[in-house]
Each structure stands twice: as structure tokens, then as C-alpha cells.
Amino acid sequence: MPNRRQLANAIRALSMDAVQAANSGHPGMPMGMADMAEVLWNDFLRHSPSNPTWVDRDRFVLSNGHGSMLLYALLHLTGYPLSLEDIKQFRQMGSHTAGHPERDGRLGIETTTGPLGQGLANAVGFALAERHLAAQFNRPGFEIINHHTYVFLGDGCLMEGVSHEACSLAGTLGLGKLIALYDDNGISIDGKVEGWFTDDTPKRFEAYGWQVIRGVDGHDAEAIRRAIAKARRETDRPTLICCKTVIGFGSPAKAGTKSAHGEALGAAEIAATRAAIDWPWGPFEIPEDIRQGWDARAAGKRLESKWKKLYKAYSASFPELAQEFERRQSGALPGDFAATAHQALAAVQAAGPSVATRASSQAALNVFAPGLPELIGGSADLTGSNNTWHSACQVLTSAQPQGNYLHYGVREFGMAAIMNGLGLHGGLRAYGGTFLVFSDYARNAIRMSALMKLGVIYVLTHDSIGVGEDGPTHQPIEHIASLRLIPNVTVWRPCDAVEAHAAWIDAIKRTDGPTCMALTRQALPHQARDASALAGIARGGYVLADSQGAPELILIATGSEVALAMAAREQLTQRGRRVRVVSMPATRVFDQQEKSWRDQVLPAGIPRIAIEAGVTEGWWRYVGTDGRVLGLDTFGASAPAKQLFEHFGFTPEHVVELAGELIGA
């Protein structure tokens, strides 16, 4: 039977061989953390390689994702459907072994990592989801949700500010089943971190309220085992295990140096390393006894079988809870959601409220959230401004984990990355709010939401110069356009309460990517619609008001500027001009419609003006080089909103002037 060091050396060998074959990658971290990984995965991790999506599995997150070969080696060796050929195709086109891990539940890759610190924040979301769902569904004698979240991280993760945001909150929430193993090797890309990272990390985490286990030898299996066992005994605090390691462990010439971090070792050094670690086998060769020592399939099946027996008894004792649990795990909406959505849309159209769309968003939440217990919301210290609180909210705290609302504090980036973890876990739909201008703080996590195809929802209020007196620091100009540029992000900018409800309906139904809602601070007038226009909102762009006879001008607008377009249309109509107003609250949704619909809404050959209180970039595709865009390519100013709109030319009279340039009005 192979010993622990031999099992760990299988990780080292596969990692250095794969990086060498690709001539690209990071061999040092996998070689340095191999002993930690061996102990965790063989002694503690509850998982089932034959069923990677087993609900009650422990979650493992590789936050220092540049060392992806560590994860790929673990998945391959323990029996997940990641083949040796996949390992040989490391970093190659079409392979399952990308340079940084990319979420794939079928293979056991829980989250996409690489942007440092975010995997750690995702892990906070995983642990929070576990605690929240356990509080909702577990019953005495039936702990159907009872698992740990383990995360590997390095110096880079701790230097990134998102680690502070997420770990501070994790300590406050008392996430006792979150265990982080810190690879304290003292090396980053530029060399020894002592020149730029001298924090007392243990004290930092103790100040957050974490249990900290210091001074663990990351190459001593027994010391690692004792540390993890101690971490598991702590139920009220998350744990940081500080492991001293040598990057590139086993490499005679490169261990402990920056050259082991991000480049292939080279054929000669690999040969020397094989000799140093007593690994006589060839590239990508794993002897059978070591394969058997790693294979976790049988043990995983036993764990899962035991859980299934528990769940069967749970289902018999609590059939309604079990039914709800299964619905939420499947991601299916309640059977009555479609009817509720239809009725809500019709009701708000009939009621015709003239309110800020941030208030309309809250009204939509009050309608939908009570019937969607999977919704878990929050705000980055702007609850009253974002209007993210709804009638069924209960604050989630360490003492009240069943709550469904999080006060994230002023932590926009951490909030968004934790939301990704909540969404990744399963059984939950996360939404969170901040000002649109501060989406910049959260931007990379929003991008990761899109990359991972997560149906998280961002409520982004105070969407334009309409913020008013707070001035240009708080007035978003480029933000809506920049969010629209992120692949797979849907941005809704509703013009009234009806479109705000439609935006929430679309966001709730969407499970393959994030939704950003750009919502106003100021009140917006209700827009009249017929049945056709009401149905057209879901298509992202539709004819809100049409002309008598074929239009000779089309005004395209979003959000607060739709009312402006309608007022300009009224003036132009009085002059005998035929004008169509197209409301386009979601450009990406509109672009995804069939060509016949797009041509019906925006017929070719008719002059167009686009109106939005933001940068003009992006609108030229809809108006063409001969059209006009009324936008804002400068920063705003501090003044009342009405004065600002007038100052920057967002008036019906200015739109009429632009129309005159096109059609001689």
C-alpha cells in the first residue's frame, strides 16, 4: 500500500508533466500543496466521484486557481470523469482542463477561479448557503444538509481586497463549516512577498472572528490531519489553517523560487525532480497501487447511499418539505409562477402608478418573493435606497441563519462574489443591491456571474444624472453601456412600474446568466399600453406608441428617457409628423429576438434617434451613421435632477431639434 507521500507525489508528477506538455502553466503551487490536498481528500472530504452533483457533498474550492493542475489531478485520481487524456490536453483547445478551473458540475469543478480572492469569497457563499438551507430544511434526527466547505488559497488571494470583504462577513456570520487552508509559501510572480506583503495574517483573521491554526507544516501529513480535525470540531467560527509550504516542492533547483510559480520546469529539471521524489515512472504514468490508493468511488457511493436512506426517511416524515427541497434543488419555479406573473403585470398596467423604478422593483419583490422562498437578497448598506427589502424578508444573522436577507455592509465586490457562491451551491437564487455607479466595485464578480452562467440578480439603483445633488461621483455615465458589453449579461432599464415588473419576471425565469437592473431614484410616469405592447416588453424592445400611418421617424429610448421621447412625440405629432416611440428596456433581449420581430419594431429606411442619459456608445448600431444619439459623453454635475436634465439637453425641445435635422420637422 503506498504511503501518503507517494500518493501526494502522484499529484506532483501529473502537474509537472501536464505543464511541461503544454509548455504553459503553474506547477509550483500543485507541487507545494500536494500533501495538504492528499490529507484533505483522502481523510476528510465527503464526496462521490460517481455522482459529482450529490446534494450533500462537501464543497472544495481552489481559490488560487492558477494551480489548476492540483484540482485536475485530484479529480482524475479519485475517480471523477476526467480522463488521463484530458490531463494530457491541459490548456489545449476544447479540453476539460483549461488554464484556470471552469465550473463544470459533471466533472466536480464547483466554481470558476483564477481572479484571485474570488474563489475564497465564493466559498463564503457556499458555506452560507449550507447553513441557511440546513436551518430551513433540517429537522431533529434528519440533517439532510450537513456538509463542509473547504477552500485552498494563497498569498495572492489574501492580498486582493475582496478577501477582506468576504472573510470579515464570514466571521460575523459565524460560518463554522468553512475551513480555509492557506498556502503560505512566501512567493508570488514577482518573487518573495516579504517586499510587499508583510501583514500578520493570523491576527487579521482572528480580528475577523475566525479560529486560526498557526504554524502548520504543509508537508507533514499528520500535522495537517490534526489541524483539519481541530477545524471541524469548531462549529461557531470559520477556520483558517496557516500551512508553511515550499513552492515547487521536490524540484532540486526551482523549489522555493519564483521560477517554480508560472513556468514549466523543463525536461532536465523534471528528470531531477523524479529522482528527488523517488518517482521512477514515465510522463503521465500512475502505477496501479497508487491509483487504488486514491480511488474514492466506492467510499463515495457508500456515503451517498447512507444519505439516500436518511433522505428517504425524511421524505416519509416530512413529505411537503421534501417536495419543496427537490423543487428548489432542481431549479424549477413554483407551478403557479407563470399565472402570478401574468396577473401582476396586468394589475400594475391597470393601476398605472407613477413612481421611481426602484420603488416599482420593490413592489415586484413584494408580489413575487413570498412565493419564492429560494430568493435570498441583500444590499451593500443601501437597503432603504435600493428598495431591496420586501414584505417576506427576515434578516439573516449568525443566530438566525434561516433568514433570507443579508446586510452585506459596504462590501460591493464581496457581496457580488458571495452571491455567486450562493447561486453555485444550489437551491437558492441570490439578488443584491447597490448604486449603479458602484457596480464598478463589483464588476469582476458580475463578469464571473456571466462566465459561469449564474442566474444572480443585481439591483442597481440611482441610474443616471437623475441622482441629482450627490454629483458626478455618484452619477453613472458609462456604467449601463459597459455592463451591456459583458457577454451573457442582461441589462434591464425599465421606464415605469410595468417594465420593472417585467424585468423581475425575466430575471427570475433566467437561469443561464445574470441580470442587472438599472433603476431610477426619481419618479417616472406610467405609460399606457395595449395588449400587444404589454406582451412585447418581454422581447426587450417593442412599439410603445405608434403613428397614424407609416412612421417617418423612430425615437428609441430606455428608462427615464422614454417619457422624454413620448413628450417629444407629442410635440412632433402636433406639427403633423408621424413618429413611433420604441421602448427598449433590454437591448440584449431585443437582439436575441427573431429578425422578423426586430424588423417589425425597427423597419429599415426610417430615420432614428436614440435617447439615453448615458454614453452614446452602443446606440449607433440601432440608429446608423445617419441617425442621431442624444446621450451624455461627459461626467455630470451637482444640481437638482430637473436642472441637470435641462442643462445636458434632455428636453423634448432638444429632441424636436434633432428630429428637424433628420426629417425637417
field: Residue among 422, 382, 436 that is farther than 30 Å from residue 59 by Cα and buried (at least 23 other Cβ atoms within 10 Å of the Cβ)
entry: 436
- prompt: For residues in the range 275-288 being over 22 Å from residue 85 (Cβ atoms) and in contact (Cβ under 8 Å) with a residue 60 or more places away in the chain, which is nearest to the chain's Cα centre (by Cα)?
  reply: 277
message: Among the residues in the range 405-419, are any aromatic (Phe, Trp, Tyr) and open to solvent by 10 Å² or more (accessible area, probe 1.4 Å)?
response: yes
message: Among the residues of the range 63-85, are any in contact (Cβ under 8 Å) with a residue 40 or more places away in the chain and within 21 Å of residue 419 (Cβ to Cβ)?
response: yes
- prompt: Before we move on, is residue 536 in a loop (DSSP other than H, G, I, E, B) and open to solvent by less than 10 Å² (accessible area, probe 1.4 Å)?
  reply: no
query: Given (1) closer than 28 Å to residue 525 by Cα; (2) crowded, with 21+ Cβ neighbours inside 10 Å, where does residue 325 come up short, assuming only one miss?
result: (1)
- prompt: Going through the range 597-625 one residue at a time, which ones are crowded, with 19+ Cβ neighbours inside 10 Å, not in a loop (DSSP other than H, G, I, E, B) and not charged (D, E, K, R)?
  reply: 601, 609, 610, 611, 622, 623
message: Let me confirm something: among 253, 223, 272, which residue is within 20 Å of residue 30 (Cα to Cα), in contact with a Pro (Cβ under 7 Å, 6 or more places away or on another chain) and either among the acidic types (Asp, Glu) or outside any strand (DSSP E or B) (or both)?
response: 272
- request: For the range 260-277, state whether one or more residues are open to solvent by 20 Å² or more (accessible area, probe 1.4 Å), under 30 Å from residue 203 (Cα atoms) and not acidic (Asp, Glu).
  value: yes
field: Total residues in the range 93-111, condition farther than 29 Å from residue 285 by Cβ and surrounded by fewer than 24 Cβ atoms within 10 Å (Cβ to Cβ)
entry: 2
statement: Picked from the range 626-665 (must be in contact with a strand residue (DSSP E or B) (Cβ under 8 Å, 6 or more places away or on another chain) and in a loop (DSSP other than H, G, I, E, B)), the residue most open to solvent (accessible area, probe 1.4 Å) is 665
task: Kindly check whether there is at least one residue in the range 345-354 that is open to solvent by 30 Å² or more (accessible area, probe 1.4 Å) and in a loop (DSSP other than H, G, I, E, B).
output: yes
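A quick yes/no check of all residues on (1) of a type in the set (S, T, N, Q); (2) in contact with a Cys (Cβ under 7 Å, 6 or more places away or on another chain); (3) over 27 Å from residue 167 (Cβ atoms):
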| position | (1), (2), (3) |
| --- | --- |
| 205 | no, yes, no |
| 211 | yes, no, no |
| 215 | no, yes, no |
| 220 | no, no, no |
| 239 | yes, no, no |
| 243 | no, no, no |
| 272 | no, no, yes |
| 275 | no, no, yes |
field: Residue in the range 494-506 that is surrounded by fewer than 24 Cβ atoms within 10 Å (Cβ to Cβ) and not in a helix (DSSP H, G or I) present
entry: no
field: Residue among 90, 126 that is of a type in the set (Phe, Trp, Tyr), in a helix (DSSP H, G or I) and surrounded by 22 or more Cβ atoms within 10 Å (Cβ to Cβ)
entry: 126
message: Given the condition under 19 Å from residue 64 (Cα atoms), of a type in the set (Ser, Thr, Tyr) and touching a residue at least 24 places away in the same chain (Cβ under 8 Å), answer yes or no: does some residue in the range 218-235 qualify?
response: no
statement: Subset of the range 464-493, residues in contact (Cβ under 8 Å) with a residue 60 or more places away in the chain, part of a helix (DSSP H, G or I), closer than 15 Å to residue 612 by Cα and open to solvent by 10 Å² or more (accessible area, probe 1.4 Å), comes to 480, 481, 484
task: Filter the range 355-387 for residues that are over 21 Å from residue 430 (Cβ atoms) and outside any helix (DSSP H, G or I) and give the result.
output: 355, 356
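The values are calculated or read from the model by the stated rules, or taken from the named source; none is laboratory data. Please read all numbers here as calculations on a predicted model, not as lab measurements. Because the Cβ atoms are built from the backbone with ideal geometry, glycine has one as well, and the counts that use them run over all protein chains shown. Accessible surface is based on the protein model in full, side chains and every heavy atom, while ligands, DNA and RNA are left aside. Shrake-Rupley method; radii C 1.70, N 1.55, O 1.52, S 1.80 Å.
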